[in-house]
There are 2 protein chains.
Amino acid sequence: MAVKSGAFRGSAPIFAALGDGTRLRLVARLCAGGPQSIARLTAGSEITRQAVTKHLLVLADAGLVRGVRKGRESRWALEPEQLEVARRYLDLISEQWTQRLEALERHLESMPETKARAGKRKRSPA
Amino acid sequence: MAVKSGAFRGSAPIFAALGDGTRLRLVARLCAGGPQSIARLTAGSEITRQAVTKHLLVLADAGLVRGVRKGRESRWALEPEQLEVARRYLDLISEQWTQRLEALERHLESMPETKARAGKRKRSPA
DNA sequence: ACCTACAGCAACCTACTGGTTGCATGTTAG
DNA sequence: CTAACATGCAACCAGTAGGTTGCTGTAGGT
C-alpha cells in the first residue's frame, strides 16, 4: 500500500541511471576517487570523452551527480541524496515483503483446524 | 576500492530492471499483493497483457521475480534475493562515501599549519 | 603571443526497448 | 465436446540510448 502511494514516483529514473554498467562504474569511481574532471574519468575507460560526458549528464539528470566548471576543467562529484532515496525505496520493499511473509505465517498458524485441509499445514500437529 | 572489485558486476542489470516505471509498479504490486497471475497483474494496468509478460520476463532475467505455470495460469512471485543484492550495493557506496568525507575531514584538521594556506582552513585559528 | 589540454555542441549511426496486433496452444467449466 | 479463459510465440513499429566523429570555444602554461 504505502509502497504504491507515491514513494516510488521519483525512484525509477534513479534506478534507470544506475542501470548501466558504464554509469555504475562512473559512480563507483567518483565515490572512491572523489570529485574528478571529465578527462580524468575518461582515462582508463574504454569509451570516448563525449560518451563519459553523456553518462555524467544522465546521472546528473537523476540527481546522482553534480558538476561545476572550474577554470578550464569541470569537476564532477557524487551527490549522495538521491542514492539514499533509492536505498530507502529498496528498504521499503524488502520490509513490506517480510511483513507479508510473517502475516501469512501467522494466518496459517491461526487456523490449522478451521478447515483442516491436510497437506497445507506447515507443522503436522501429531 | 572495494566497490570497484567485482561486487557491482551483477548489480547493473538489477538496477536496469528496476529502472522502468511500469516494472517498478509490477514489483510493488507483487510485493503488496503477493503472487499473482499475469491476467490479474494486467487488470488495472494501462498496457497489454503481452507487455506485462515482457516486463515480467525482464524482471525474471534479473532474478527479481519468478513464475511457475500452475494449470492454465502462471503465478509470478517476487524473489527478494536480488533485491537484497542491489540494496547491499547501495549501502556499500553510501558507506564508502561517508568514509571518504570523514577521512577528508581528519586530513584537513591534522594539518592546519603544515603549509598554512589561508582560505582553506575550516576554523580560523586566531 | 602561441600552443596545448579540457570541454561543449551537433550530427549521425546502430541496436535495443517498450509497446502493439494477430494467431496458436493448452486448460478448465458446463 | 465445446466454449471461454489464460498464456505463449512471432512479427512489426516508433522512439530512445549508447556510442562515435568532427568542429568550435576557452583557459593556462611558457
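The values are calculated or read from the model by the stated rules, or taken from the named source; none is laboratory data. Predicted model only: the values in this text are computed from it and were never measured. Note that we place each Cβ from the backbone using ideal geometry, even for glycine, and neighbour counts take in every protein chain shown. The protein model used for the area step is the full one, side chains on, heavy atoms only, and it has no ligands, DNA or RNA in it. Shrake-Rupley method; radii C 1.70, N 1.55, O 1.52, S 1.80 Å.
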### Query
Which condition number in (1) over 18 Å from the mean Cα position of the chain (by Cα); (2) within 17 Å of B:ILE14 (Cα to Cα); (3) of a type in the set (Ser, Thr, Tyr) is the one that A:THR22 fails?
(1)
### Task
Of the numbered conditions (1) within 12 Å of DNA strand C (Cβ to nearest atom); (2) under 20 Å from B:PRO80 (Cα atoms), A:ILE38 fails exactly one; give the number of that condition.
(2)
#### Entry: B:THR22 being of a type in the set (S, T, N, Q), away from every other protein chain (no Cβ under 14 Å) and out of contact with any Cys (no Cβ under 9 Å at 6 or more places or on another chain)
no
### Query
Which ones in the stretch B:58-73 are near DNA strand C (Cβ under 9 Å from one of its atoms) and of a type in the set (A, V, I, L, M, F, W, C)?
B:VAL58
### Query
For the stretch A:58-73, does any single residue satisfy the condition of being crowded, with 21+ Cβ neighbours inside 10 Å and in a helix (DSSP H, G or I)?
yes
### Summary
For the stretch B:47-72, pairs from a residue that is aromatic (Phe, Trp, Tyr) to a residue that is surrounded by fewer than 18 Cβ atoms within 10 Å (Cβ to Cβ), with Cβ under 7 Å and 6 or more apart or across chains, are none
### Task
Within the stretch B:64-75, count every residue that is within 14 Å of chain A (Cβ to nearest Cβ) and within 16 Å of DNA strand D (Cβ to nearest atom).
2
### Message
So, in the stretch A:25-53, exactly how many residues are away from every other protein chain (no Cβ under 14 Å), part of a helix (DSSP H, G or I) and of a type in the set (D, E, K, R)?
### Response
2
### Query
For A:ALA43, are the conditions met, namely being aliphatic (A, V, I, L, M), open to solvent by 30 Å² or more (accessible area, probe 1.4 Å) and modelled with pLDDT under 95?
no
